[in-house]
Structures are given as C-alpha cells and as structure tokens.
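> Sharing a structure below in structure tokens format, with a few things to ask.
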Amino acid sequence: MIAFEGVTRSYGEKIAVAGLDLTIPRGELFALLGPNGAGKTTTIKMLVGLLRPSRGSVCVAGHDLVRDPRAAHLHLGYVPDEPCLYEKLTGREFLWFIADMFGMSKAAAERRIEAEIANFELGEFADDLAESYSLGMRQRLVFASSLLHDPDVLVLDEPMVGLDPRSVRIVKDLLRERTRSGMTVFMSTHTLAMAEELADRVGIMVRGRLRFLGTVADLRARATGQGTGGPAVGADPQSLEQLYLDITSADGAGAPP
Amino acid sequence: MMPASPSADAALFRPISVSEESGIFLRLRWLLASSTLREMLRTSRLRLSLVILLSALFWGSLFGLFHEAFTFVDSLHAEVISLLFNAFFSSLMVMLVFSTGILLYSGLYTTPEARLLLTLPVRSETIFAHKFQEAFWFSSWGFILLGSPMLTAYGIVRHAPWPFFALLLPFMVAFVAIPATLGGILCMAMVAWMPRLRLHALSIALGAALLAMIGLAWMALATPRADTMSAAWFEQVFSRLSITEQRMLPSWWLSSGLIEAATRAKDGSVARHQAEALRYLAVLVSNALMLQLVGRQVAARLHRLGASQLVSEIPTRRKRRMSWFDEFLSRAGTARGRPLRLLIVKDLRIFRRDISQWSQFAIFFGLLGLYFWNVRIFNYQHAYAAMIGFLNLAVVGLILSTFTTRFVFPMISLEGRRFWILGLLPVNRDQIVWSKFLFSFIGGIVPCCVLVLLSDTMLGIEPWLIALHEVCCVVLCAGLSGIAVGLGARMPDLREISPSKIASGFGGTLSLVISSLFIIAVVLVTAVPVHLRFAAEERGLVTTGWTTADRGVALGLAAAVALGLLATFLPLFLGLRAFRRLEP
C-alpha cells in the first residue's frame, strides 16, 4: 500500500534520508521512531507529497506521489503535527469542505461527518468557529477530517500531541479498528510505549537511515538478546528503552534491518 | 466507546472535476467572508465605521483634487491626459506585478493553508486560481480606490457619455488582472527554478524597478528651478514621459480605451468612439484571459515543484556572537539599566529579522524621502513653504502612527504567550513596558527627524522654523510611542498571536484614532501661530525684537510640548498600572 523505493532526500550538502527502501502492506500499522533530526519528518513530508525525493520514488496505493499526486492523495489521510484549520470556519463547515474535496456524495458526506463528530466527541463545539478551539480540539477535528473519506492510508505525524488521555484512548481504539478493516497507518512518534502498544512493525531511523526494521516482537527479542548475539538485558520496558537508546545513540552500532 | 466504522460506505471518494473544485473554493470563500463580516459587525464596529468614513473622505478628497487638476490640465493641453494616464498606469503596472507576486508567494507557499491544500486531492491550477483571486482582490482594491475618483473626475470634466462610467470597472478589473497574473507567473517560476536565489532575485528586481521608477520621475521632472512650470518645462516633461506610451503595453490599451470612451464626436455622436473603446476593452480582457490560461499551465507544472523546493530550504544560521551594535547597546550604561537594554536588544533583533516590519518601514519612509527630495523643484513663497513644511511634518507623524499602531501596539500582547519567560526573569514589569517605549521612541526619532530636516531644507525654510519642526517631531515621536505602548499595556490581547489582528482590534483602532487626533492637535497649535506670524510679517507688523507674534509662536510650541508630555505619560501611567496587575 505504501512503497518507498531507493528514496534519498538531501538539503544541500546534508542528506536527510538516505536510500530508504520500505514497503508497508495493507492493514499494517507502522511506527517510525527516531531522535530529533533523524529524518522522520522528511519521510512523512515525502509520503504526503509536500516534498519530492531527490532520488527514488514514493507510491501510495500504486500511485507515484510526484507523477500523479492527485490520485495518490485520494487514498491518503494526513494528520500533521501542527493542525491547520480555517479559523473562520466552524468545525462542521471544515469537515464539509474536506468531504467535498474528496468528491463524497451529499448523503455519504452527511453520514460520515455525523459519525466522525460522534467518534471524536466534537458535538459540543462542532458549530463554533475553529479560532476558539484548543490544541486538543483542533487535533481531534483534524483526525475526524482525515478519516472522513475512509482512506486506504492514514499518515500521522506525532498524533498524540495535545490530546487528553480520553482522546488518546479514542484514537488508539480507532487505529486498531481501522487497521483491522484494512487501513494502512504510517505513524511517526517519539513515544516508544505507543509504538509498542499499537504498531505491527517498527522502524527506527537514525541520521536518515533505517537502523532497525521489524516487529515489536523482534525488537523485544533483541532487547532480551535472543538470536541476536546481543546483550541479554531482560524484556522489561526499561530494557526496550535502553535498546532504543543504544540504536539511536550517535555511535550506536544498531544492526542493519 | 467504540468508534463507528465506515465499512458501510464503499468507495466514498472520487476524483472531482475542475468546475467542482472551483465551486468548492467559491463556497469556502463565501463562508469565510460572511463569517469575517459577521464578526466584524459584532466586535469591530468602530473600526469598520472608521474605515468606511476614512475611505469616503479619501475618495471625496481625491475626487476634488483630480477634478481641479483635470480642469487645469484640460485647459492647457488635451494630449496631456494621454501622457499622464500612460505614465500613471504604466508605473502602477510595475507595482502590481511585484505586489501580487509577493502576495501569491505567501498564499501559495508559506501559509498553513498552502500546506493543507497541497495534501488534498486538488489540482495545482485550482489552488493557483483560488489564491490568485485573493491576491487580485488585495491588489486591485487600492487601484480602484485611487483610480475610481480620478477617472470619475476625468469623465465629469470631459462631459463623458454614460457608457464611460459604466465601462470604468470592467476596464480597471481587466487591466489589473494582467500585471497580477504576470506577478503570479514570475513568482512561481522564481520559487521553482531559483529557490535559493529567490530572495536575492526579488530584492534585486524590486530594487531595479524602484530605481527605474525613480530614474523615470527624475528624468521627467528634473530641471533648473527657475524653469519649473514654464511652457518649455512642460514640453520637456511630456517628451520624457512619452517613453511610457508603448502600444504593446496594457497601460496604453487602458489609457486609449478610457480616452475613447470619454470622447464625443464633433456632432455629439458617441457610437464610433464607444466601439473603439470596446475594442480596447476586448484587447485587455482577451490578454487577461490568455495570461490566466498561461498562469494555470505554469501552476500545473511548477507549483508542487516550487513548494517542495521551499520545504528543502536550509534555515539561515545566525552568528553565535552578538553584533557589535547589540553588544554596544547591552554593555553601554550602568549595570542597573542592563536588563532594560537587553530587552531593547531582543526587540531590535526581532525587528531586524522580521522582513515584513522593516521592509514596510523602509518603503514608506523611502517614498516619503523621495517626495521630500523632489519638493524643491517647485518654487514656493515664504509662508507657503512654511505651511507645506507643517503638512510634511503631519504626514511624517501619520506614517509613524500607522507603524506604532501596527507594530508597537501589539508588542505587549505578543509577550503574553512568552510571559512565563519574562515573568521568571529578574526584571520588573515596569522595565518591560519602558523597554517597548524606548525601542519605539528611539527607533522612530532618527528617521523622522532626518525626514523633517530633508523636507525643510528642500523647501528652503528658515533655521528657527526648522528647529521648531524638529522639536515638534520629537514631541510626536514621544507621544505616539507613549500612546501605542501605554494603550497596548492597558488593553492587551494575550490570546492572539497575530500582530495584525491585535492591531485591528478595538484597542489598536482606538490607538490609531487618538494618535491621529494628537498629531492634528500638535501640528495645529504650532502651525496656526506661525501662519499668523507670517501674515503679520507681510503686513509689516513684525518688527525686530520679541513681538506678540513671536510670543504666539512660543506659546504654541509650549502647548505642543505640554500635549506631548500628556500623550506620553498619561497612557504610559495607565498602561504601567494595568500591566503590574495583569494575570496572564
């Protein structure tokens, strides 16, 4: 459903993403982890068409993001780290704008808007102007808008920022439910615990390169040293964290994926 | 709670047509406009009424001015109109190319909305059309506000038939669309192909265009003083202005079309001239439409590429060390005053790095300087020159007041979100307010005093009057800074992050109104006694020594200083008191 093929992106002399080859199948929740400046945001920007690769290609549902961005965007939903709304539109008007952009029929749009308003508990403020929303309310509205057209691929950039625990729970339930029904989710996060809880596969990126790619079980196995020849440090959360820190440290010798 | 699944809705999305996309953006614009208008009527009635009133006043004054001018010019040379129109519209064309290019740069690439639209399944050409309409509106309203009184006055003076007035708006709109689209195309090409060079290229192009315009104005008007307004001078000016009469320029199509539309044949018939006018309008409209098609094609090819190029930009690294000026400012003086000076250095850095602030400052004061530099080409009588000097002083004050309202008034409000930083520092709140005042006062006093000195020198004003104008200028700078900072601290909006929104709220509008009244009061209390003194001098009533007229001038100056002290310290006192009690 998502395919990065030999993707490299440089900013002048600096290489932000180097030779990324990654395929994410339908119905998988993939979490991209890494320290600040690792290349996560650049990867996400290429995946949603905001940035073109210097080399290689990025495809969503078989559509190249550079050659056919409209076709690719029809299959995409995107929740950025800084939600953007029209301040002078109400939440409901914003949802209608998005539904219209995806060519949804009036009846389907009406049904889906009401459903997402209910899912994200937006009812109380859906008819207020967005300028009066808090960060959490904005984030919930953007989540609702990104799911309106039931995209094949949902891209999330630090999705839990600004959400209260109840909203975090709603989002987690929703991601599990949607991936079960075939949606592919690509999520960038700093939170190891969330990746551990939700992700089918995890990628750890350091200085533009994938240092680890595998399931959470693989990561856990590495943390316990099974089959890797690495140090046996136990499988508790602290050990996972330690492994993550080892992989992402400046001189960390993380094994190639 | 389990989220509702969309599984029942198979194939929810489909690609939409260009006309559907346009319809969606039209609905969006309607919703945004009506929501903004509703809010404005609810919260900013004072500002809205002021804008309408001042626009009507501006329109009426311009109409009166142009009516007089056209009556005068019409009686001298009929062909002058064509030259003036061509010179005016061609200069405007250059400005419209740049202003729309800059507006579209922001609309297409740098705003959060631009990023949102780039992630939706919408065509680049539709995004271009949507943002172009916005930029077109912003670019054209100024032209319509300036052009409509001028052209209406022209029509009335020329006894133009009614179709002239009916065709004014279509002519203006079709004309503006051409340079505006060119600006958009240039902007997209520059961002896509020269992303690194775009700022330099834009600065160079803007500088070159400004220089060309200054050169043109200089070439057209420069002449020895004694020859000004003579027949030879007019002839020379017209011959130099004829460079703007190029048949391939839209400004020529517009000028010729308007002149044809206003013309009657000797037998009073208008049909032939109207047909000719419509031909020119058709040329303008067809070129505007053709350029729109080109613009859309360019957008389809370059918009996403340019957006990607911009995202790839490496942020400019700043020097780790302080600049020598900041270093000097922060270290000069006593240790006790250092926090205050450091706050000023902080604001100075933010000002220097915010291109929108200093570029507007430079453009407005630069244009004013250009005008003052050129006032010398006309010979003025003694008293008349003094009055023009006062008017120029008022203009400097009014320009400064727009800056203090737009940039200084919101400064305290903008500290709202950073209040935890300042709140935890070992500085008291009074120092924060005083630092804003000093920043504004010192920042304003240098360019304003230089401009007033330039104006007075060019007008050949006597030294004592120059000194008086300079004192008034200092009074204005202090008062305007006091009003903006004091009211900004008295009525802060700590939730808002946009300085333009803070400035356009009730507090900002009130600050602008009080500033304008203060400027008028200071100029009047000093100008009237000076005028009376000159009148007395003409009648031979002023002899040597300290006369009643001189005492009047001194009294006027004292009143201006008193007004300045009041305008500086009363708002600051109110602001300081409110700011000490403020709970962010």
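> Of the cross-linked pairs A:LYS14/A:LYS40; A:LYS40/A:LYS88; B:LYS131/B:LYS501; A:LYS88/B:LYS131; A:LYS88/B:LYS501, which ones have a Cα-Cα span greater than 23 Å in the structure shown?
From the list (A:LYS14/A:LYS40; A:LYS40/A:LYS88; B:LYS131/B:LYS501; A:LYS88/B:LYS131; A:LYS88/B:LYS501), the Cα-Cα distance tops 23 Å for A:LYS40/A:LYS88.
> Same structure again: Under 15 Å Cα to Cα from B:LYS346, which aspartates and glutamates show up? Leave out anything in the same chain fewer than 8 places away.
Of all the aspartates and glutamates, those that pass the test against B:LYS346 - Cα under 15 Å, at least 8 places apart if same chain - are B:ASP326, B:GLU327, B:ASP354, B:GLU415.
> Efficiency by 1/(1 + (r/R0)^6): what FRET value for A:ARG169 and A:GLU114, r their Cβ-Cβ distance, R0 = 22 Å, to the nearest 0.05?
0.55
> Also, I was wondering about something else. Which trypsin sites (Lys or Arg not before Pro) from the range B:432-526 combine a DSSP loop assignment with at most 16 other Cβ atoms within 10 Å?
Passing both the DSSP loop test and the Cβ count: B:ARG495.
> Shifting gears a bit: Given an 8 Å cut-off on Cα distances and at least 6 residues of separation, report the relative contact order of chain A as a percent.
24 percent
> Separate question: Give me the extension gain from A:LYS14 to A:ARG26: residue separation times 0.36 nm, minus the current Cα-Cα distance, reported in nm with one decimal.
Contour length minus the Cα-Cα distance gives 1.0 nm.
> Round to the nearest 10 and give me the degree value, 0 to 90, for the angle of helix A:91-101's Cα axis relative to the longest principal axis of chain A.
Tilt relative to chain A: about 80 degrees.
> Okay, moving on. Add +1 for every Lys or Arg and -1 for every Asp or Glu among the other residues with Cβ under 14 Å from the Cβ of B:ALA277, and state the total.
+2
> I'd like the mean, over residues of A:144-157, of how many other protein chain beta carbons sit within 10 Å of each residue's own Cβ.
2
> I want the local charge near A:PRO80. Using Cβ-Cβ distances under 10 Å, sum +1 for each Lys or Arg and -1 for each Asp or Glu among the other residues.
-2
> Applying 1/(1 + (r/R0)^6) with R0 = 30 Å to the Cβ-Cβ distance of B:VAL450 and B:PHE63, what FRET efficiency is obtained, to the nearest 0.05?
It comes to 0.30.
> Another question, then. Need one word for chain A: rounded, prolate or oblate. Basis is the Cα gyration tensor (sqrt eigenvalues a ≥ b ≥ c); a/c below 1.5 gives rounded, then a/b vs b/c decides.
In terms of gyration-tensor shape, prolate.
> Would you work out if the range B:402-484 is rounded, prolate or oblate? Take a ≥ b ≥ c from the square roots of the eigenvalues of the alpha-carbon gyration tensor; rounded if a/c is under 1.5, else prolate when a/b is larger than b/c, oblate otherwise.
Judged from the Cα gyration tensor, the range B:402-484 comes out prolate (a/c at least 1.5, a/b above b/c).
> Give the long-range amide H neighbours of A:LEU32: residues separated by 5 or more places, or on another chain, with amide H under 5 Å away, using H modelled in the peptide plane at 1.01 Å from N.
A:MET187, A:SER188, A:THR189, A:GLY203
> Moving to a separate point now. Please give the contour-minus-distance gain from B:LEU391 to B:SER17: 0.36 nm per residue of separation, less the Cα-Cα distance, rounded to one decimal in nm.
129.0 nm
> Kindly state, to the nearest 0.05, the FRET efficiency for B:LEU555 paired with B:ALA535, given R0 = 25 Å and r defined as their beta-carbon distance.
That gives a FRET efficiency of 0.95.
> Of the chymotrypsin sites (Phe, Trp or Tyr not before Pro) in the range B:408-455, which ones lie in a loop per DSSP and count no more than 14 other C-beta atoms within 10 Å?
none
> Can I ask one more? Considering the alpha-carbon set of the range B:327-581 alone, what are its Rg and its Dmax in angstrom?
Values for the range B:327-581 (Cα only, Rg and Dmax): 19.9, 67 Å.
Values in this text are rule-based calculations from the coordinates and carry no lab data. If you're wondering where the values come from, they're calculated on a predicted model, not measured in any experiment. Note that each Cβ is placed from the backbone with ideal geometry, even for glycine, and that neighbours are counted across all protein chains shown.
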